[in-house]
Amino acid sequence: MTATTLTLRAGIAGTVDLGGVLPETLVRADAGRLVVGLDGRPVELAELFTLRPGDADSLVVEAEGVRLDNVGRAMTAGRLRLEGHAGDYAGEAMRGGELLIAGDAGDFAACAMRAGLLRIDGRAGDWLAAARTGERAGMAGGVVAVAGGVGDRLGDRMRRGLVLVRGRAGRACGARMLAGTLAVAGGCDDLAGFGLRRGSLVLGVAPELGATFNEAGVADLPWLGLLRRYADAILPGAVFAGTRARRWQGDLAQGGKGEVLVPACG
Amino acid sequence: MIINGVAIDDTYAEAFGMKATRILITADTPAWARHAANAAFGFATSVIACGCEAGIERELSPEETPDGRPGLSGLLFAVSTKELAKQLERRVGQCVLTCPSTAVFAGCAGEEQLPLGRNLRYFGDGWQMSKVIAGRRYWRIPVMDGEFLAEESTGLLRSVGGGNFLVLARSRAQALLACEAAVAAIRKVPGAIAPFPGGVVRSGSKVGSKYKALPASTNDAFCPTLRGGVRSELTPEVEAVLEIVIDAVTDADMRVAMKAGMAAVCGLGAEAGIVRLSAGNYGGKLGQFHYRLREILA
């Protein structure tokens, strides 16, 4: 059982649009003729990569020195592993399967994601799991796990799902979030939860919150035990230990049904 | 068939297809999980007038529960899906939601689902929150000690209820001791409960009554005091009869549980005052499941 492997040919540089390159599309006999993009112009896949056939449900992409946008876009099943860094829109509109990025990911990863698992071993850029420009909602299901930190606007207008971050998030983490759960072990910069409607920000470090968040004191919340047990199987350390948490309700300007939770002792 | 001096009647227990579910109750301590379970599964001895039959299946260690706290699993059985759903919601709402520190989870999968926290969430008056973890929806309902966590729904099981056997002894004390041993053995069987108080019932019933309003009445053929007035099943040395009723998730669980219980009684034997083992049936016309005592003990 070996994975189908795509290896970037020597001498290729620029931005490669890998949209449509998925485990299931590469088992076709004419997979090498699949059209992808190089710096905005269409080219056949075989011009950029050497293809070693393998299992239909597993694909490994080996690429260094180029920017790979749209990795795993609209993926529905199987497993795609990128050995290297991803550009923007990694895992955009995912509907299932597992996308593993061994390096960093650019902006807008997991936007419009509905199901599946996106795992990023490095750090992620801005607008992770957020709404794309002009869209009403961001990520609407599935799980994103980032071993490093993430940029600004994590989960902006996120609708559903779970994002686990072991590092630190940038500004406006969980801003305008509609529902879902963000767990960020390293805490986040200012404007956390700005415009939060529902949903939970589970932070390892207490953030600076605006005046439209009210502290609700400490409570013992059994669901945190459930969440941590599940999260630890995906990305250990993303959810803080214990079930006692200090809770803020907010954003009161948006109904106050969202929450920010930090460890009770933090 | 005689085992250790105990005669095994050539008869069978007649059991019925029932709808069932399993739920898991967790709490900060095993004691509080048990308080909730005792309340929820209390007054659930017989579907005749309790709506359902229920009981604790087994205790669970923190490693075995979804939220990592101590707990226990319980089984509920009813004659219809509608009645089971009604009893489940009522009992969880009044006895588990109300009990400090508890949470409740589905204990089984099933093609059909029964509401668990789906409707109880409205107790939160709009402050309830939904969380989907690993594809399963949970409701966080704010209560005065923090939150009550309830899984959205639990699975429906097609199961067997009403398996039974009768212990005929030389005295009530001896019958009780034997039944206690049987219940202890049955409680070790996963997927089975003995829903009556202490797992034992003294008021075995027959179908019908001289009074039109009653669907069931005392099993006069096994009442020692009526030996002079009815066609009795009891020999002169039998002074007391006790029954153990078993509900089980599957036919196989029922057989294992009945065998475990009867073997425990036979283990005590005639020396302990046990005379016979028999079983209750309705001529084989009402229940889909027949459990022949000799076949199970063979």
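The values are calculated or read from the model by the stated rules, or taken from the named source; none is laboratory data. Just so it is clear, the structure is predicted and the values come from calculations on it, not from any experiment. Cβ atoms come from the backbone with ideal geometry, glycine included; neighbour counts cover every protein chain shown. Side chains are part of the model used for accessible areas, which takes the heavy atoms of the whole protein and leaves out ligands, DNA and RNA. Shrake-Rupley method; radii C 1.70, N 1.55, O 1.52, S 1.80 Å.
Among B:G135, B:L114, B:A44, pick out the residue whose Cα is farthest towards the positive end of the charge dipole of the protein assembly as shown, where Lys and Arg carry +1 and Asp and Glu carry -1 on C-beta, about the Cα centre.
B:A44
In square angstrom, what is the accessible area per residue of chain B with a 1.4 angstrom probe? Before the final figure, lay out the partial values.
Working: 13270 Å² over 298 residues.
That works out to 45 Å² for each residue.
Which FRET efficiency, nearest 0.05, do A:E135 and A:A241 yield, Cβ-Cβ r, R0 51 Å?
Values: r = 36 Å, r/R0 = 0.70.
E between A:E135 and A:A241, to the nearest 0.05, is 0.90.
Calculate the length of the line joining the C-alpha centroid of segment A:197-218 to that of segment B:138-167, in whole Å.
33 Å
Under 11 Å from a point 7 Å along the Cα-to-Cβ line of B:K86: which residues of segment B:26-52 have their amide N that close?
Backbone N within reach: B:51-52.
Evaluate E = 1/(1 + (r/R0)^6) for B:I2 and B:T98, where r is the Cβ-Cβ distance and R0 equals 56 Å; express this FRET efficiency to the nearest 0.05. Can you show the working numbers first?
Details: r = 51 Å, r/R0 = 0.91.
Plugging the Cβ-Cβ distance into 1/(1 + (r/R0)^6) gives 0.65.
Taking 8 Å as the Cα distance limit and 6 or more residues as the minimum spacing, I'd like the relative contact order of segment B:18-157 as a percentage. Each step should come with its number before you reach the end.
Values: 329 pairs, mean separation 38.5, N = 140.
Rounded, it is 28 percent for segment B:18-157.
For Cα pairs less than 8 Å apart in space and 6+ apart in sequence, what is the mean separation divided by the residue count of chain B, i.e. the relative contact order in percent? Could the numbers behind the result be given before it?
On the way: 733 pairs, mean separation 78.3, N = 298.
Computed over chain B, the figure is 26 percent.
Give me the percent of the accessible area of segment A:102-186 that comes from carbon and sulfur atoms, probe 1.4 Å, all protein chains in place.
Values: 1070 of 2550 Å².
Carbon and sulfur atoms account for 42 percent of the accessible area of segment A:102-186.
Within the protein assembly as shown, how many Lys pairs sit with Cα atoms under 16 Å apart, leaving out pairs fewer than 8 places apart on the same chain?
Number of lysine pairs found: 5.
Share of segment B:18-157's accessible area from carbon and sulfur, percent, 1.4 Å?
C and S fraction of accessible area: 54 percent.
Got the relative contact order for chain A handy, in percent, Cα pairs under 8 Å and 6 or more residues apart? Present the calculation step by step, with values, prior to reporting the outcome.
Working: 899 pairs, mean separation 26.8, N = 266.
After rounding, I find 10 percent.
Can you compute the charge dipole magnitude of segment B:18-157 about its Cα centre, using +1 on each Lys and Arg Cβ and -1 on each Asp and Glu Cβ, nothing else charged? Give it in debye, rounded to the nearest 20.
Values: 15 positive and 16 negative charges, 59 e Å.
Using only the charged Cβ atoms, the result is roughly 280 debye.
According to a simple spin-label model (label point 7 Å from Cα along Cα-to-Cβ), what is the distance in nm between A:T76 and A:T7?
3.1 nm
Please compute, for the alpha-carbon atoms of chain B, the extent along each of the three principal axes and give them in descending order in Å.
Its Cα atoms span 66, 43, 31 Å along the three principal axes.
Whole number in Å², please: accessible area per residue of segment A:3-212, 1.4 Å probe, ligands, DNA and RNA not counted. Present the calculation step by step, with values, prior to reporting the outcome.
Values: 7960 Å² over 210 residues.
On a per-residue basis, 38 Å².
Compute the long axis of helix A:222-232 from its Cα atoms, compare it with the longest principal axis of the Cα atoms of chain A, and write down the angle in degrees, 0 to 90, nearest 10.
On a 0 to 90 degree scale, this one is about 20.
Using a/c under 1.5 as the rounded threshold, could you call segment B:1-105 rounded, prolate or oblate? The axes a ≥ b ≥ c are square roots of the C-alpha gyration tensor eigenvalues, and prolate needs a/b larger than b/c, oblate otherwise. Let's see the in-between values first.
Values: a/c = 2.69, a/b = 1.57, b/c = 1.72.
Oblate.
From the P(r) of the protein assembly as shown, could you give the percentage of C-alpha pairs in the tail past 40 Å?
Working: 69508 of 158766 pairs.
So the portion of pairs separated by more than 40 Å is 44 percent.
About its Cα centre, what dipole magnitude does chain B give when the only charges are +1 on Lys and Arg Cβ and -1 on Asp and Glu Cβ, stated in debye to the nearest 20? Write out the running numbers ahead of the final one.
On the way: 32 positive and 30 negative charges, 125 e Å.
Taking the Cα centre of chain B as origin, the dipole is about 600 debye.
Restricting things to alpha carbons, find the Rg to Rh ratio for segment B:120-260 using the Kirkwood radius for Rh.
Details: Rg = 22.1 Å, Rh = 18.6 Å.
Across segment B:120-260, the Cα-based Rg/Rh ratio is 1.18.
What is the spin-label model distance, in nm, from B:V143 to A:E215 if the labels are put 7 Å beyond Cα along the C-beta direction?
It works out to 2.7 nm between the two label points.
What shape does segment B:56-110 take by its C-alpha gyration tensor, where a ≥ b ≥ c are the square roots of the eigenvalues and a/c under 1.5 counts as rounded, a/b above b/c as prolate, and the rest as oblate?
On the way: a/c = 2.41, a/b = 1.50, b/c = 1.61.
It is oblate, given that a/c is not under 1.5 and a/b is not larger than b/c.
Fully extended, how many nm does the chain gain between B:T29 and B:F43 (0.36 nm per residue separation, minus their Cα-Cα distance)?
Values: separation 14, 0.36 × 14 = 5.04 nm, distance 2.36 nm.
Working it through step by step, the gained length comes to 2.7 nm.
Choose one of A:L100, A:A124, A:G134: the residue whose Cα lies farthest towards the positive end of the charge dipole of segment A:96-137 (beta-carbon charges +1 Lys, Arg; -1 Asp, Glu; about the Cα centre).
Farthest along the dipole direction, towards plus: A:G134.
Given a 1.4 Å probe and no ligands, DNA or RNA in the count, how much accessible surface is buried by B and A, both sides, to the nearest 100 Å²?
1600 Å²
Which one of B:S80, B:I193, B:V207 has its Cα pushed farthest toward the positive end of the charge dipole of segment B:58-213, where Lys and Arg give +1 and Asp and Glu give -1 at the Cβ?
B:V207
Would you mind checking segment B:1-27 for residues with the amide N under 16 Å from a putative spin-label position 7 Å along Cα→C-beta of B:A263?
Flagged as within label range: B:3-4.
Starting from the Kirkwood Rh over alpha-carbon pairs, what translational D in µm² s⁻¹ does chain A have by Stokes-Einstein at 20 °C and 1.002 mPa s? Numbers along the way, then the final one.
Details: Rh = 18.6 Å.
It diffuses with D of about 115 µm²/s by this estimate.
Evaluate peptide B:129-142: per residue, the Cβ atoms of other protein chains within 10 Å of its Cβ; return the mean as an integer.
Working: counts 9, 3, 9, 7, 9, 8, 2, 2, 0, 4, 1, 5, 0, 2.
Neighbouring Cβ atoms belonging to other protein chains average 4 per residue here.
Assign unit charges at the C-beta atoms only (+1 for Lys and Arg, -1 for Asp and Glu), then state the dipole size of the protein assembly as shown relative to its Cα centre in Debye, rounded to the nearest 20. Present the calculation step by step, with values, prior to reporting the outcome.
On the way: 63 positive and 60 negative charges, 293 e Å.
It works out to roughly 1400 debye.
So what's the gap between the Cα centers of segment B:1-69 and segment A:1-67, to the nearest angstrom?
What the calculation gives is 57 Å, centre to centre.
Classify segment B:184-298 from the C-alpha gyration tensor, please: rounded if a/c falls under 1.5, else prolate or oblate depending on whether a/b exceeds b/c.
Working: a/c = 1.88, a/b = 1.25, b/c = 1.50.
Because a/c hits 1.5 or more and a/b fails to exceed b/c, segment B:184-298 counts as oblate.
Counting only other residues whose beta carbon sits under 11 Å from that of A:V27, what net charge do I get with K and R as +1, D and E as -1?
Result for the local shell: -3.
What is the spin-label model distance, in nm, from A:E208 to B:R58 if the labels are put 7 Å beyond Cα along the C-beta direction?
Computed distance between label sites A:E208 and B:R58 equals 5.5 nm.
B:S171 label point, 7 Å along Cα→Cβ, cut-off 12 Å on backbone N: hits in segment B:270-293?
Correct set: B:272-274.
Under DSSP H, which helices of chain B have Cα atoms covering 24 Å or more of the helix axis and a Kyte-Doolittle average no less than 0.5? Don't skip to the end; give the middle numbers.
Numbers: long enough: B:251-268 (26 Å, 0.73).
Both cut-offs are met by B:251-268.
Given a Förster distance of 51 Å, report the FRET efficiency between B:W127 and B:Q288 from their Cβ-Cβ distance, rounded to the nearest 0.05. Don't skip to the answer; put the middle values down first.
Details: r = 46 Å, r/R0 = 0.91.
With a Förster radius of 51 Å, E is 0.65.
If segment A:160-266 were replaced by its equivalent ellipsoid, with semi-axes equal to the square roots of 5 times the Cα gyration tensor eigenvalues, what would those be, largest first, whole Å?
Values: eigenvalues 77, 41, 32 Å².
For segment A:160-266, the semi-axes come out at 20, 14, 13 Å.
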